[in-house]
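Peer 1: Provided herewith is a single structure, encoded as structure tokens, for subsequent inquiry.
The values are calculated or read from the model by the stated rules, or taken from the named source; none is laboratory data. No experiment lies behind these values; they were computed from the predicted model shown. Please note: Cβ atoms are built from the backbone with ideal geometry, for glycine as well, and neighbour counts cover all protein chains shown.
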Amino acid sequence: MSTPTTNIRTALEAASLLEAPEALALLRGCCPDTTVFSTSFGKEDQVLTDIIHGLGGGIRIFTLDTGRLFPETYSVWTSTLERYGLPVAVYVPEQADLEAFIAGYGPNAFYASPELRQACCRIRKVQPLKRALAGAEIWITGIRAVQSPNRQGMPRWEWDEANGIYKFHPLLDWTDERLEDYVRRHEVPCNMLHERGFPSIGCAPCTRAVRPGEDARAGRWWWEANDRKECGLHQHGSAGAGA
């Protein structure tokens, strides 16, 4: 007899062979109450929101409000709600943890060391994410392979051991050209910072525009001398691992 986990893995394997709309429809049908999508209102996430809207909803959407987002991000958040009418659940940092961190290290401690930057990300992003994913079985993301070196070669679906959930990346193999074409044809509302050289948009103090020839995530935590531009939200596993 097949188990729920087996059914999910089978659905993910089938979805990995489909285009994004058909893949999301399949996963929604497999796990209608436990498939979730995280949006940061970047261009990839806006495309996925447009696709989910086209399917008639049915996939819970959530976002993490760190308290340090760009004004332009809040603007596109508002226009997204107006355009699609889909509910977006909001998760924020725990007040006590954030107050203690700022009191102990200052409001811009993330510039002081990688450890403090990671601690800030943990409070503002990783811990709220765990609350957002509670009870979910499939996590939809807007990750694309071309965004950074460490995202190339990723599987389209994987087991996230840290959060105990399957992740699915519908746009993993999308090129920049394909993304831009979709946005243009469907008139998807996008963050105006994308037009100012910000392909990847996070917290305002931790994001700058990229220079010609840099990868899409070079503008994130640019003062750190490493090439793993991640905040701890996405810890990549492998297809078929776990559970």
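Residues checked against (1) crowded, with 17+ Cβ neighbours inside 10 Å; (2) more than 27 Å from ARG9 (Cα to Cα):
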residue: TYR111; (1), (2): no, yes
residue: CYS121; (1), (2): yes, yes
residue: GLN127; (1), (2): yes, no
residue: ARG131; (1), (2): no, no
residue: ILE138; (1), (2): yes, no
residue: MET154; (1), (2): yes, no
residue: ALA162; (1), (2): no, no
residue: ASP181; (1), (2): no, yes
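Peer 1: At pLDDT below 95 and either touching a Pro at 6+ places or on another chain (Cβ under 9 Å) or closer than 18 Å to ILE59 by Cβ (or both): is that true of ASN163 in this structure?
Peer 2: Considered against the rule, which asks whether it is at pLDDT below 95 and either touching a Pro at 6+ places or on another chain (Cβ under 9 Å) or closer than 18 Å to ILE59 by Cβ (or both), ASN163 comes out as yes.
Peer 1: If you don't mind, there's one more thing I want to ask. Among the residues that make up region 57-71, is at least one of them under 25 Å from VAL146 (Cβ atoms), aliphatic (A, V, I, L, M) and out of contact with any strand residue (DSSP E or B) (no Cβ under 7 Å at 6 or more places or on another chain)?
Peer 2: No: zero hits.
Peer 1: Still on this model: Output the residues belonging to region 189-228 that are touching a strand residue (DSSP E or B) at 6+ places or on another chain (Cβ under 7 Å) and β-branched (Val, Ile, Thr).
Peer 2: ILE201, THR207
Conditions (1) farther than 30 Å from HIS186 by Cα; (2) at pLDDT 95 or above; (3) within 20 Å of the chain's Cα centre (by Cα), marked per residue:
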| site | (1), (2), (3) |
| --- | --- |
| PHE70 | no, yes, yes |
| TRP77 | no, yes, yes |
| VAL88 | no, yes, yes |
| GLU99 | yes, yes, no |
| ALA103 | yes, yes, no |
| PRO107 | yes, yes, no |
| GLU115 | yes, no, no |
| LYS130 | yes, yes, yes |
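Peer 1: While we're looking at this one, here's another question. Which of (1) at pLDDT 95 or above; (2) surrounded by fewer than 20 Cβ atoms within 10 Å (Cβ to Cβ); (3) of a type in the set (Gly, Ala, Ser) is the odd one out, the single condition GLY142 does not satisfy?
Peer 2: That leaves (2) as the condition not met.
Peer 1: Across region 188-217, what is the total count of residues that are modelled with pLDDT of 85 or more and assigned to a loop (DSSP other than H, G, I, E, B)?
Peer 2: The qualifying residues number 15.
Peer 1: From the residues in region 5-18 that are out of contact with any helix residue (DSSP H, G or I) (no Cβ under 9 Å at 6 or more places or on another chain) and touching a residue at least 60 places away in the same chain (Cβ under 8 Å), which one is farthest from PHE198 (Cα to Cα)?
Peer 2: Within region 5-18, the match that is farthest from PHE198 (Cα to Cα) is THR5.
Peer 1: I've got another one for you. Being of a type in the set (D, E, K, R), under 14 Å from CYS203 (Cα atoms) and surrounded by 15 or more Cβ atoms within 10 Å (Cβ to Cβ): is that true of GLU44 here?
Peer 2: Criteria not met by GLU44.
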